[in-house]
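The block underneath contains the structure these notes are about, expressed in C-alpha cells.
The values are calculated or read from the model by the stated rules, or taken from the named source; none is laboratory data. Only a predicted model underlies this, so the values are computations on that prediction, with no experimental measurement involved. Cβ placement follows ideal geometry from the backbone for every residue including glycine, while neighbour counts extend to all protein chains displayed.
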Amino acid sequence: MGVEDGRRQRRVRNRDAVVDALLAIVADGDLAPSAEAIAARAGLSSRSLFRYFDDVDDLCRAAIARQHERVAPLLDRPAPDGGAVGARVRDVVVHRLELFDAMGEVGRLARLRAPFQPLIGAGLAGVRRLLRERMAAALGPELAALADASTALDAADVLCSFEAYRLLRDDLGRDRDEAIDAMTAGVLALVAPSMAALP
C-alpha cells in the first residue's frame with residue numbers, strides 16, 4: 001500500500017470517527033454539540049476536525065445522511081395491501097414509529113437544520129413523500145370511498161407525523177403503545193369512522 005493510499009484510508013477513518021462521534025453525542029440528547037466536544041469524542045484535536053468537513057453544517061449533513069442509510073430498509077418496507085382496515089392503519093402507524101424511533105434524536109437535528117440547509121430539507125421532504133405514498137397505498141379503498149380523500153389523507157398524514165409523535169411522547173407523556181393507539185384511533189376516525197366508533 002502506497003503512502004497516498006494510507007493517507008486516504010486514514011482520512012476516511014477519521015471522517016467516519018467524527019460522524020460517529022456527532023451521532024453518539026446527539027443520541028445522548030445534545031443537539032448542538034461544540035466542535036471541541038465532537039473532536040474529543042472522536043479522539044481527535046479540535047483543530048483537525050475541519051480537515052475532514054468544511055464546517056459544522058457539512059458535518060451535520062454527513063451525520064444525517066449516515067443515519068438515513070441506517071434506516072433506509074424501514075423506508076423500503078411495502079405497504080399492507082389487504083386485510084381489515086384497522087390492521088392496515090395500525091401497520092402504517094407502527095411502521096412510522098419504528099422509523100421515528102430508529103432516527104432518534106437525529107430526526108430532531110434534521111428538522112432543526114432543514115430550514116437552513118436545502119439538502120437536509122430536500123431529504124426530509126423525500127421521506128415525508130414516501131411515507132405519505134405508503135399511507136395512501138395502505139388506505140386506498142377507504143380513501144377512494146371518501147368525498148374528499150385528499151383532505152382526509154392530509155389529516156391522517158399529520159396525525160402520524162414525527163411532530164405529532166413527539167408531542168404525544170414529550171408533552172402529553174404517552175408511552176409508545178399509547179401513542180400507537182391514539183394515532184390509530186385518529187386515522188380510523190378519518191377514513192373509517194364506523195370502525196373507530198366500535199368499542
(message) Name the residue that is farthest from Glu163 (Cα to Cα), counting only residues in region 93-136 that are touching a residue at least 24 places away in the same chain (Cβ under 8 Å) and among the small types (Gly, Ala, Ser).
(response) Gly123
(message) Every residue in region 33-68 that is assigned to a loop (DSSP other than H, G, I, E, B), over 20 Å from Pro118 (Cβ atoms) and within 26 Å of the chain's Cα centre (by Cα), please.
(response) Pro33, Ser34, Tyr52
(request) Identify, from the list Ala137, Ala152, Ala189, Ala182, the residue that is within 18 Å of Leu75 (Cα to Cα) and either out of contact with any Pro (no Cβ under 9 Å at 6 or more places or on another chain) or in a helix (DSSP H, G or I) (or both). (result) Ala137
(request) Check Gly107, Gly123 and return the single one that is in the same structural domain as Ala87 (by TED's automatic domain parsing), assigned to a helix (DSSP H, G or I) and buried (at least 18 other Cβ atoms within 10 Å of the Cβ). (result) Gly107
(request) Give just the number: which of (1) in a helix (DSSP H, G or I); (2) surrounded by 13 or more Cβ atoms within 10 Å (Cβ to Cβ) does Ala79 not satisfy? (result) (1)
(request) Quick one: in region 7-31, of everything that is without any contact (Cβ under 8 Å) to a residue 60 or more places away in the chain and either in the same structural domain as Arg111 (by TED's automatic domain parsing) or among the hydrophobic types (A, V, I, L, M, F, W, C) (or both), which residue is nearest to Ala65 (Cα to Cα)? (result) Val19
(request) Residue by residue through region 137-160, note down the ones that are without any contact (Cβ under 8 Å) to a residue 60 or more places away in the chain and crowded, with 17+ Cβ neighbours inside 10 Å. (result) Ala138, Leu139, Glu142, Leu143, Ala152, Leu153, Ala156, Asp157, Leu159
